[in-house]
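First the structure, in the form of structure tokens, and then the observations on it.
Nothing in this text is a laboratory measurement; each read-out follows from the coordinates by a stated rule. This is a predicted model, so every value here is computed, not measured. Using ideal geometry, Cβ is built from the backbone for each residue, glycine included, and neighbour counts are taken over all protein chains shown.
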């Protein structure tokens, strides 16, 4: 009797049966579907991270423009503005400017700039200004980045804010 292990079909010929081949193809296809799904999720996260990185860069540029404006002694008025990155930078720097980077990428981002009075509890009537920069590139909450920055208010701003509250 021959105890040799070999792949044979019922007729005694060597090879694989159709069932074995089908099962092997199904297993390989399932593995490929899982791998492609993982690849898709990695690509999606990479795109989200890249968009968030660009939004942070534009928010930093805008906050730097706010600091530059304040260091030149120009006060930032209480306001709410919306526009492109370049429009907001031009408004803050009072000049026509283009932010760095690829214009096709830059034009996908919109900015809301909100400058509002901000009081600090327990410090009396000292008023700060809160500068809120919201950079968004889509309609969902996950497709926006919000940062805020506090700057000292000018005395005239504080008086105007107090007058508004007393009326």
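Sorting the segments 86-92, 52-58 by their residues' average number of neighbouring beta-carbon atoms within 10 angstrom, most packed first, yields 86-92, 52-58.
Between residue 72 and residue 150, take the C-beta separation as r, use R0 = 22 Å, and let me know the FRET efficiency to the nearest 0.05. Intermediate results must be reported in sequence, preceding the final value.
On the way: r = 19 Å, r/R0 = 0.85.
Plugging the Cβ-Cβ distance into 1/(1 + (r/R0)^6) gives 0.75.
With Rh defined as the Kirkwood radius, the inverse of the mean 1/r over Cα pairs, the Rg/Rh of region 18-166 is 1.29. Using 0.36 nm per residue and subtracting the Cα-Cα separation, the extra length available between residue 47 and residue 30 on full extension is 3.5 nm.
Report the calculated FRET efficiency for residue 40 and residue 107 (r = Cβ-Cβ distance, R0 = 30 Å), to the nearest 0.05. Walk me through the numbers on the way to the answer.
On the way: r = 27 Å, r/R0 = 0.89.
Efficiency, rounded to the nearest 0.05: 0.65.
Computed packing ranks the peptides 105-112, 74-81 as 105-112, 74-81, most packed first, by mean other Cβ atoms within 10 Å. Taking the average, over residues, of other Cβ atoms within 10 Å as the packing measure, peptides 59-70, 136-147, 29-40 rank 59-70, 136-147, 29-40 from highest down.
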